[in-house]
Structures are given as C-alpha cells and as structure tokens.
Amino acid sequence: MQTLAVDIAATFIDDAAALVTGLGQTLLRVAMSPINRIANACDVAGVLAERRATFRMWRASRARARQEGRRFSLLRRLSPFRHLAHLT
C-alpha cells in the first residue's frame, strides 16, 4: 500500500514540475517576443536563421542517438567548450 502512495505522490510532483516548467516557458516566450522581433528585423546576414537550423539539426541528431541507445556524457554537457565544436 505504501508503494501506491509513493507512486501517486511522485506522479503529482512530476506533473506539478511539468506545469511550472510549461508556465515558465510560456511567460519567457511572451516576455522575449519583442526582443526576438527586433533581433529578427536587424538580422541582415541571416545569422539567426542559420543558428536555428543548426540547433534543429543538433536536436534531431541527439534524439536519434537516444533512440539508438547512446547517451551523451555529463562531461560533454558541462564542458565550457561544447559550443565551439563546429570550429574544429
């Protein structure tokens, strides 16, 4: 019986965390929309569009790696040089 109570509590906590995360992302998106609009208007060289495309490709490859069972190491996630990999 205790296991059921723990499972219900864990489910409630997970749902509450997901709700708070979703609300936070929505509020951030609303707050940042004027800044994004200005940035897109000032992006003459197309750098922002290129970054978005690169990020989408990275996210797709990451999802593919998860499906194959590979994991990304914690060391790679926390590395201060992880965003410089495209320079090599």
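Structure data summary
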read-out: Accessible area of Ser61 in the full protein assembly, 1.4 Å probe (Å², nearest 10); value: 50
read-out: Distance in nm between pseudo-label sites at Gln25 and Arg52 (7 Å out along the Cβ direction from Cα); value: 1.7
read-out: Ala65-Gln2 pseudo-label distance in nm [points 7 Å out on the Cα-to-Cβ vector]; value: 4.0
read-out: Summed side-chain charge close to Asn36 - residues other than Asn36 whose Cβ falls under 13 Å, Lys, Arg +1, Asp, Glu -1; value: +3
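The values are calculated or read from the model by the stated rules, or taken from the named source; none is laboratory data. Bear in mind that the values here come from a model prediction, so they are computed numbers and not experimental data. Cβ atoms come from the backbone with ideal geometry, glycine included; neighbour counts cover every protein chain shown. SASA here: full protein model, heavy atoms, side chains in, ligands and nucleic acids out. Shrake-Rupley method; radii C 1.70, N 1.55, O 1.52, S 1.80 Å.
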